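First up is the structure itself, then whatever we jot down about it.
The values are calculated or read from the model by the stated rules, or taken from the named source; none is laboratory data. Everything numeric in this text was worked out from a predicted model, so none of it was measured. Heads up, the Cβs are rebuilt from the backbone with ideal geometry, glycines too, and the neighbour counts pull from every protein chain shown. In case anyone asks, the SASA skips ligands and DNA or RNA and just uses the protein heavy atoms, side chains included. Shrake-Rupley method; radii C 1.70, N 1.55, O 1.52, S 1.80 Å.
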Amino acid sequence: MLDRDLGPTPSYPPTYPEPSIGRHTPYMSQPEYRIYQLNKRLQNWTEECDNLWWDSFTAEFFEDDAVLTVACCLEDGPKRYTIGRTLIPRYFRSIFDGGATDLYFNLKHSKESFHGNLVILDCDLCSMVTLHSKPIFTKVCTEGRLYLEFTFDDLMRIKNWHFNIRQNRELLSRSILATHAQDPPMLEQLSNSITRSGLSNFTLNYLRLCVILEPMQELMSRHKTYNLSPRDCLKTCLFQKWQRMVAPPAEPVRPPTAKRRKRKQSGGNVASVGASSTSGGGSKRKSSPATGFSLSTQVQPESNLLS
């Protein structure tokens, strides 16, 4: 069990990092600004927010094929939870359903790089801060490494979210301790942690459930679409996977080569071409030796023959 740190009285003004206004405004890269927008959007959360609000939040900041991974170390060893795009809205909602009233991310000394059509943000000093009002006001700082992959386009949404938790701290107000200084049972209760590795039990239970439900999404989707029994859904899914394994790989379809079309020539052109070919052919023929003599020299007159 982690000991709870007794820090100074937590301050309430803005709980998300804002770029300072003034002469020495620090440079904020585009990925960091997207995290600032994400923090600002989370500030609009209220208890009346329903699933549609969380779906809209996720659609604004996450790609349709996004993947979210949370790695932490619990009492029974290291854990790694990976969920798909459809389960991401419920993950962020589970943080608030677990007792948090505020959530934001602080990035320090983050590094930005480009890889193909992705913008990568790697922050080794990331802190996920949550504020809890029950049973008493507590500020939980969860520190770790945050690795994000953004699409390099106008929307710049997150394609891969990986948060590796290293440690966490729970901060209490000194005034609360002074109030219950003469109440040993209450002090014993205050010394107990309200989170495990910075995550509430509600969020951890949801992540465990996601590990079980993630492979079953295909079965549930088929059951909802075709109204089949669970056994029939499992049979059809296994049969289709078996077909994909047995079937030979499809050969790539080659586009048919276009035949060259001969250009049709007009009648005048054909006539001129024929005339030129005739004249050319005549010029190539070997001329007869008699062409240089006149007819009178070749045929003698009849009178000479009789005499």
Quick one: count up the residues across the stretch 143-156 that are outside any strand (DSSP E or B) and open to solvent by 30 Å² or more (accessible area, probe 1.4 Å). 4
Unique residue being over 25 Å from Tyr33 (Cβ atoms) and β-branched (Val, Ile, Thr) when the list is Ile158, Ile136: Ile136
Taking the condition in a strand (DSSP E or B) and either in contact with a His (Cβ under 7 Å, 6 or more places away or on another chain) or closer than 18 Å to Leu213 by Cβ (or both), does Thr82 pass? yes
Taking the stretch 115-142 as the search range and keeping residues that are small (Gly, Ala, Ser) and either within 18 Å of the chain's Cα centre (by Cα) or not in a strand (DSSP E or B) (or both), which one is nearest to Asn168 (Cα to Cα)? Ser133
Can you tell me which residue among Ser127, Ser133 is of a type in the set (S, T, N, Q) and at pLDDT below 95? Ser133
Can you pull out every residue in the stretch 64-86 that is over 30 Å from Ile136 (Cα atoms) and surrounded by fewer than 19 Cβ atoms within 10 Å (Cβ to Cβ)? Asp64, Asp65, Val67, Thr82, Gly84, Arg85, Thr86
Would you check if there is a residue in the stretch 157-164 being part of a helix (DSSP H, G or I) and surrounded by 15 or more Cβ atoms within 10 Å (Cβ to Cβ)? no
Unmet requirement for Trp54, which otherwise passes all of (1) open to solvent by less than 50 Å² (accessible area, probe 1.4 Å); (2) assigned to a strand (DSSP E or B): (2)
What residue, of Glu112, Glu63, Glu32, is in a strand (DSSP E or B), modelled with pLDDT under 95 and farther than 26 Å from Glu170 by Cβ? Glu112
